[in-house]
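Each remark here refers to the structure printed beneath this line.
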């Protein structure tokens, strides 16, 4: 800038076109630099938040990375210190929330799957909602060879204990196993086919595509998460050779999308959301 100023002072032209052109280019460069460095604008009026910079992308469209990264964001904060603190901590808070929520969902998947999986074989007399481990919990903590202490019972053993023959008990236990397995698998398939088509498969290829900038509305929505959890539990409990570990990638990505809506830093920028 000092060099340009020195050159401009020593160049004399009648119409001043050269001087005006250099001044225009210099001002444009300065304005562009300030726009890139100040990606976050503090405003004092909450009503002006309605005029957001975010562009609403259409379905099956690719985001504009350059525009989303360089466009300033309008956020309301009472002071600069709070603005800087919240903006810097948004990433850590978001990651922590995503980890906690995903962990709770994983625990729910494990408990629910074990419960429904065990119902095909037997039940807990003291509480039907206990799986085999929960039903025998006081006795599983201590190594014992006394099988009579265990309260979990199969349908076959229960019918034999109340007086039915072995053949009838075995046939009934077999029918319960087949009916519940088919019921769980069919229900999961019908829900995925009719209600949530985005919940089929693991979802890992689609999540990778979205992270690279592709837009699929509803694929990481709240309804998709609920349907995915229900169908994963039913399909796994039916005895199919599937698991919920790969589906947790889809669920975790959806949780990240939902949590990002809390923070203006990610809600107003599709590029930052994918970081």
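Each reported figure results from applying straightforward, stated rules to the coordinates on display, with no laboratory input. Source: prediction; values computed, not measured. Counting neighbours? That spans all protein chains shown, and the Cβs are built from the backbone with ideal geometry, glycine included.
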Say each of residue 189 and residue 201 gets a label point 7 Å from the Cα, pointing the same way as Cα to Cβ; how far apart are those two points in nm?
1.9 nm
Using 0.36 nm per residue of separation minus the Cα-Cα distance, give me the extension gain between residue 162 and residue 111 in nm, one decimal.
15.4 nm
Distance in nm between residue 127 and residue 95 label points, each 7 Å along Cα→Cβ, equals 3.7 nm
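Under the 0.36 nm per residue contour assumption, what length would be gained going from the current alpha-carbon distance of residue 172 and residue 69 to full extension? Working shown, then result.
Numbers: separation 103, 0.36 × 103 = 37.08 nm, distance 6.34 nm.
Length difference between fully extended and current span is 30.7 nm.
What number results when the radius of gyration of the range 143-275, computed over Cα atoms, is divided by 2.2 N^0.38 Å? Before the final figure, lay out the partial values.
Working: Rg = 21.8 Å, N = 133, 2.2 N^0.38 = 14.1 Å.
For the range 143-275, the normalised Cα radius of gyration is 1.54.
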Most exposed first, judged by fewest Cβ atoms within 10 angstrom, 263, 60 run 60, 263
